[in-house]
Every structure is written in structure tokens, then in C-alpha cells.
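First the structure, in the form of C-alpha cells, and then the observations on it.
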Amino acid sequence: MRLKKEDQKNFQLFLFFISLLLIALLAVSNWKIEAKRKDLKKEIENLTSQLQILKKRNEELKEAISKAKSESYWEEKAREEGYLKEGEEAIVIKKMEEEKKKKPETIWQRIINFFQK
């Protein structure tokens with residue numbers, strides 16, 4: 001039993017639209033996957049840069065820890081806090097007081113000051 005030419009033509013048209021729909025679905029899916037891949041790539045770059053920053057910070061902290069273990073570090077910190085070794089004396093240097101700014105004298109104040117002298 002053969003299909004009529006019209007039925008065969010309709011069947012081919014149906015297969016064409018199904019194929020077209022399948023291609024469209026695959027294209028949309030591919031586009032979404034590509035967008036997700038792009039976002040993930042940016043996130044990887046961001047995390048890589050953060051990792052580099054954290055590695056650098058880790059090295060700085062390791063250096064600070066090794067420095068903190070030394071005797072000279074603690075002596076320096078104690079001196080910053082104002083502690084002295086035995087036999088040492090602290091010297092305090094005071095800032096000189098600034099001259100008080102005088103307000104310009106009025107004529108009446110000058111006359112009074114003249115007679116008070």
C-alpha cells in the first residue's frame with residue numbers, strides 16, 4: 001500500500017517542521033550553555049585573582065609571624081608602649097606653647113594701657 005502523493009508530501013512537510021523545531025531547540029540550548037560557560041569563565045578568573053591576593057596575604061602573614069617570634073620585635077613593641085630597660089630613663093620633649101594670638105587693641109584699650117604704665 002503506497003501513500004498517495006499528497007499524503008507523502010504532507011508527511012515530508014511534517015518531518016521538515018519537526019526537524020526545524022528540533023534544530024531551533026538545540027540552537028537555544030547551545031546558546032544558553034555558551035552563556036553559562038562565559039559566566040563560569042569570568043567567575044574562574046575572579047576566583048583566580050582572589051587566590052593570588054590571598055596567597056600574597058598568606059606570605060605576608062607568615063613573614064609577620066616569623067618576625068614576631070624574634071626578640072628584637074618584642075623589644076621594639078615594648079618601647080613603643082613606653083616600657084624601658086633597667087637603668088634607662090625616659091626623656092620627654094614638650095612642645096613649646098604657641099604664643100597666644102592677641103586681638104588687635106582698640107584705641108580705648110591703648111589709652112588705658114598707656115596710663116597704666
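All of the numbers you see were taken from the coordinates with simple rules; none came from a lab. Only a predicted model underlies this, so the values are computations on that prediction, with no experimental measurement involved. Using ideal geometry, Cβ is built from the backbone for each residue, glycine included, and neighbour counts are taken over all protein chains shown.
Bridgeable aspartates and glutamates around LYS32 (alpha carbons under 18 Å apart, same-chain partners fewer than 8 residues away excluded): GLU43. Here the gap between ILE91 and GLU6, fully extended at 0.36 nm per residue and compared with their Cα-Cα distance, gives a gain of 19.4 nm.
From the largest down, the chain spans 140, 61, 12 angstrom on the principal axes of its Cα atoms. The stretch between GLN52 and SER19 holds 7.0 nm of extra length on full extension. This uses 0.36 nm per residue minus the Cα-Cα distance. Note on PHE14, PHE115: ascending count of other Cβ atoms within 10 Å places them as PHE115, PHE14, the fewest first.
Mean Kyte-Doolittle hydropathy of -0.5 or higher plus an axial Cα length of 30 Å or more: which whole DSSP H helices in the chain meet both? Spell out each step's value before the answer.
Numbers: long enough: 5-68 (92 Å, -0.30).
Qualifying helices, which must be both long enough and hydrophobic enough, are 5-68.
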